[in-house]
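Just below is one structure, and these are the notes that go with it.
The values are calculated or read from the model by the stated rules, or taken from the named source; none is laboratory data. Predicted model, so just to flag it, every value in this text is computed and none were measured. Here the Cβ is made from the backbone with ideal geometry for all residues, glycine too, and neighbour counts use every protein chain on show. For accessibility, only protein heavy atoms count, side chains too; no ligands or nucleic acids. Shrake-Rupley method; radii C 1.70, N 1.55, O 1.52, S 1.80 Å.
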Amino acid sequence: MHKYIIMGPQGSGKGTQAKLLKQDFDLSHFSVGDIFRWHVQAHTKLAARIKRLIDAGELVPDEIVETIIRRRLDEHDWNYGFILDGFPRNVEQAQFFLESYGLDKVIHVDVSHEVTMERALARRVCGQCKLDYNLIFHRPEVADTCDVCGGALTARPDDNEEALRQRLNDFAEKTVPALNLFEDKGLVLRVDGSLDRDAVQRQIRTGLGI
Ligand code: AMP
């Protein structure tokens, strides 16, 4: 059983790295951002409270995030472990997690703000099958069209410069202190997120000893 958290700014590639780990180690991958986007698409009651914040790149209140995490982990459908992506984003969320759940390691995908900005602005997602693309590393064969299902590719509404700047500021001001808290407990594995996808994954597996 492995319990991991993966942290890094937007565009660091943490979602991609989490999915690679999930495949080979049968982990459940929980992305709080994906859960929120599902609510927005499904027009749930929660969506009305969070859509404006997400579109502006602002953080959703802790009590909502903690309820989502608790509900998801309490389903106990993660026999081989889990990898949490996009959580925690501040010290309060980190403390909540440490008080309630065990943790093997925090993977910090470290990358400069310039690189994250460039990569995040190049992200596209298929509106139909939700496959991720990136105009730098993984271009579609036909512009703006999904290679697999032919759906239209669009940028996430919060991948615009203003919202990205807000998220980067929040990362520096709120998320780095959470990382420091984990660091003080000897839980952090730092990897170089500026390397290519497979090299980052190798660093992670070597560092985790898996
Ligand atoms: P992400 O997909 O991780 O970039 O998350 C998209 C958006 O969801 C963020 O910009 C926030 O508005 C919200 N969000 C995701 N995770 C959290 C979290 N742990 N705390 C607060 N807001 C979050």
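The strands (runs of 3 or more DSSP E) found entirely in region 112-210 that carry 1 or more residues being open to solvent by 70 Å² or more (accessible area, probe 1.4 Å), within 19 Å of PRO88 (Cα to Cα) and not acidic (Asp, Glu) are 188-192. A single entry from VAL148, VAL125, VAL106, VAL142 fulfils the requirement of being of a type in the set (Val, Ile, Thr), away from the ligand (no atom under 12 Å from the Cβ) and either touching a residue at least 60 places away in the same chain (Cβ under 8 Å) or closer than 17 Å to SER31 by Cβ (or both): VAL106. The residues on offer are VAL60, VAL91, VAL40, and the sole one that is among the aliphatic types (A, V, I, L, M), closer than 27 Å to CYS129 by Cβ, surrounded by 14 or more Cβ atoms within 10 Å (Cβ to Cβ) and in contact with a Leu (Cβ under 7 Å, 6 or more places away or on another chain) is VAL60.
Among the residues of region 96-103, is any within 28 Å of ARG205 (Cα to Cα), hydroxyl-bearing (Ser, Thr, Tyr) and in a helix (DSSP H, G or I)? Yes: region 96-103 contains one or more residues that are within 28 Å of ARG205 (Cα to Cα), hydroxyl-bearing (Ser, Thr, Tyr) and in a helix (DSSP H, G or I).
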